[in-house]
Amino acid sequence: MDNRALERRFLVEGVVQGVGFRPLCARIAARVGVGGSVRNVPEGVELVLRGKLQQIELFLELLREELPPLARIDSLREVESREIEAKTVHPFEIGESRGEGNRGVIPPPDVRLCADCLREMMDPSDRRHRYPFINCTDCGPRFTIIKSLPYDRKNTTMAAFEMCEACSGEYHDPLSRRYHAQPNACPRCGPRLRLLSAEGKLVAEGEDALSEAKSYLARGNIGAVKGLGGFHLAVDPSKEGAVLELRRRKGRPHKPFALMVRSIEVARALCKITPLEERELLSFRAPIVLAEKRDPSLWPWVAPGQRRFGVMLPYTPLHHLLMEDFEALVMTSANVSGEPIAKDEEEIWRHLRGLVDFVLSHDRPIHVRCDDSVELEAGGKVVLVRRSRGYVPSPLRLELGGDEVVLGLGAEEKATFSLLKGSLLFPSQYLGDLKDQRTVDNYSSVLEHFLKLFDVQPDVLACDLHPRYVSTQLGEELSRISGIPLFRVQHHHAHLAACLAENGMAREKALGLILDGTGYGEDGSVWGGELLLGDASSSIRVGHLLGTPMPGGEAAIKNPYRMAVSYLHASMGERGLEVASALFEGREGELSILKRILERNLGPITTSCGRLFDGVSALLGIREQITYEAQAAMELEALCGDLEEADPLPYGMRWEDKGLVLDWRPTIEALAERRLRGEGKDKLSSSFHLTLCRALRDMVLEASKELGVRRVCLSGGVFFNKVMSERLPRELERVGLTVLTHRHLSPGDECVSAGQAVAAALRSSRTRG
Ligand code: ZN
Ligand code: ZN
Ligand code: FE
């Protein structure tokens, strides 16, 4: 008998930790009869296989075939191979994690309930029948319950639940689907559902809590329902009065609410779902997807003035059980606008009392808040409106080199921070508007959590140029206390840097067409319609939209008709003001004040493209005042029809001292005259979108010819506009330019922290020579 065997040692890199990789190894080893071990190491996973050559080969074949859905092997390298005696082959085991601290270990994101667990939950003979906390190595809460690394049960919010014998058996059985599934639980040993009244009294537990909650909702009540990264406010969307009551209580008269729908079939019945949208809805991230309504008149109170619904599928077992009785439920973040999403009952009582009629809760704590991610499809690609649950904390691999840890502190309204660690970029989840103090507190604690989780301290800091951004002030304070160098990165440059870096072109030269609402310009004015030239390290401004005053500053953002008056005055002088009085009836008193401001050219000057959308929306009589960010622009977009049938309008373009200027005055004049002649809003919206795309294309093309650069990055919140995100790249490609867009980051201000980190990393390595 042959008493020789082999010991082969492999290093596996990729997404191999916390995704059921080690349990899979153990199961395959048991099947093919190899010994050895598998353990997490800083670089990934170390796999030792002991056995006959054919057994080892079979193991490797099966490993690739049966890779868990969330795992990915980037490389599998043999680092050692030697002969051993067959009798030294012991059963395969999962070894202790090795490595100083947590370097290289990436905690997994939260994963929607998998099909196997759903099947078990619906199986009357299963011991987890209708148990709302069922999970396995392929699914369940992750990022939001992890307190520290390594990712072991004792370091999660499940630590308080001691596994019963059956659960513990699964957890330790290499052949079980729940082998080392950290949140493993059952009705005997795990978290429990409970229903609380509006006053906070315990009404019911377990299955009773669920059925009570369903009947509350069916009667039109508003409930808080605990999810993965926070509570939702839930209400039946078919009940107008109930939804309007939620709007009243939340102080949110128009902002669209997301819908959770029972199944992909219901999603298809409500919306026209494209194959890409379907893929995203069904992905393990289970984001909200903004999809076109089938019946434009259905439930107008859910998303007023919009052609799309934000839909998502149930992603926790509790959601699945709740949705048994409803085809769709409004599921909106449980917060007051601007504040962080509520994550425990105490926060509900402290901040949302009076907002909810009942609370469907449980005793598995949420450690880190994480809002739902939001996506839309444009031109066959995913645009991330909000990169959050399901994405975080997964890194982007940027080919940057360097080993410094850089912290980008981000912008203000769609705050995020980003940690750059060598070639890996870790963007935080969406953290909300830093004008709110509780949001600032949450931002700080999530930052602290990330630094602890990844066991790093920044070597370099990066912030915006805006002196009054809270994120800037945090950066200054951190730098002052620690002595860590702080790099200030212009807002639109950060957009360009983020787009270049995620396309693997950080050191390449490109034009950057950055279209957004507000960013602090190098000259202190409000930028937002900018053409830059540079690489991810630095850039210069080579063009912009014509500037115009924002009458009353910030107030002009909330009152788009003020911008309309500004554009009209700039385009048509005295006649423009007459047009304004004809269009904005009942605002005569205010118009005379605006007139004085505009004639003296007071107020900050802006080149913002977002403001241009606002102004045109008001000019066309669509939205004069807003109750949520970008409302006027979104309602303008909602009226835009097929651009192939739209009439283009005139516009101007010329080189000035400060670069190429796109002059919208002829466009505004034409829109005003047509509006006065009574042309339809939808027709004029289409004309405006088409004209803007062509004007921007011509501006980029002219700069490209003059400057000899054929690559252009597109970034900024304007690319949440699907028409712009579809049409503009096509126009640019048609004239022979290479277009780079965001794929893994949001084009909005969430990407600013990433761009800051990249720019600072490049500048810092340059400084050191
Ligand atoms: Zn599962
Ligand atoms: Zn149990
Ligand atoms: Fe921006």
In the set V406, V330, V359, V385, the lone residue that is aliphatic (A, V, I, L, M), open to solvent by 10 Å² or more (accessible area, probe 1.4 Å), more than 15 Å from T144 (Cβ to Cβ) and not in a helix (DSSP H, G or I) is V385
I need the full set of residues from the stretch 522-538 which are buried (at least 24 other Cβ atoms within 10 Å of the Cβ) and in contact with a Leu (Cβ under 8 Å, 6 or more places away or on another chain), in order please. G528, G529, E530, L531, L532, A536
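Residue-wise test of (1) farther than 25 Å from E347 by Cα; (2) assigned to a strand (DSSP E or B); (3) open to solvent by 10 Å² or more (accessible area, probe 1.4 Å).
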position	(1), (2), (3)
G402	yes, no, yes
Y443	no, no, no
V446	no, no, no
H449	no, no, yes
Q473	yes, no, yes
R480	yes, no, yes
Residue that is nearest to ligand 2 (Cβ to nearest atom), among those in the stretch 174-197 that are farther than 22 Å from L24 by Cα and among the aliphatic types (A, V, I, L, M): L193
Can you tell which of G36, G14 is closer than 30 Å to F454 by Cβ, within 40 Å of the chain's Cα centre (by Cα) and of a type outside the set (D, E)? G14
Answer from L419, L321 - the residue that is over 22 Å from A303 (Cβ atoms) and within 16 Å of ligand 1 (Cβ to nearest atom): L321
For the stretch 138-172, which positions are within 16 Å of ligand 2 (Cβ to nearest atom), in contact with a helix residue (DSSP H, G or I) (Cβ under 9 Å, 6 or more places away or on another chain) and not in a helix (DSSP H, G or I)? G140, A159, F161, E162, M163
Within the stretch 121-135, tally of residues that are in contact with a Cys (Cβ under 9 Å, 6 or more places away or on another chain) and either over 17 Å from R285 (Cβ atoms) or open to solvent by 10 Å² or more (accessible area, probe 1.4 Å) (or both): 5
Can you go through G504, G512, G517, G528 and tell me which one is part of a strand (DSSP E or B), farther than 20 Å from K658 by Cβ, of a type outside the set (S, T, Y) and more than 16 Å from ligand 1 (Cβ to nearest atom)? G517
Evaluate the following for L118: is it away from ligand 2 (no atom under 16 Å from the Cβ), assigned to a loop (DSSP other than H, G, I, E, B) and open to solvent by 10 Å² or more (accessible area, probe 1.4 Å)? no
If a residue must be surrounded by 18 or more Cβ atoms within 10 Å (Cβ to Cβ) and not in a loop (DSSP other than H, G, I, E, B), how many such residues does the stretch 549-566 contain? 10
I'd like to verify a number: residues in the stretch 725-760 that are surrounded by 24 or more Cβ atoms within 10 Å (Cβ to Cβ) and either charged (D, E, K, R) or within 16 Å of ligand 3 (Cβ to nearest atom) (or both), how many? 16
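The values are calculated or read from the model by the stated rules, or taken from the named source; none is laboratory data. No experiment lies behind these values; they were computed from the predicted model shown. Glycine also receives a Cβ, built like all others from the backbone with ideal geometry; neighbour counts cover every protein chain displayed. What goes into the accessible areas is simple: the full protein's heavy atoms, side chains included, and nothing from ligands, DNA or RNA. Shrake-Rupley method; radii C 1.70, N 1.55, O 1.52, S 1.80 Å.
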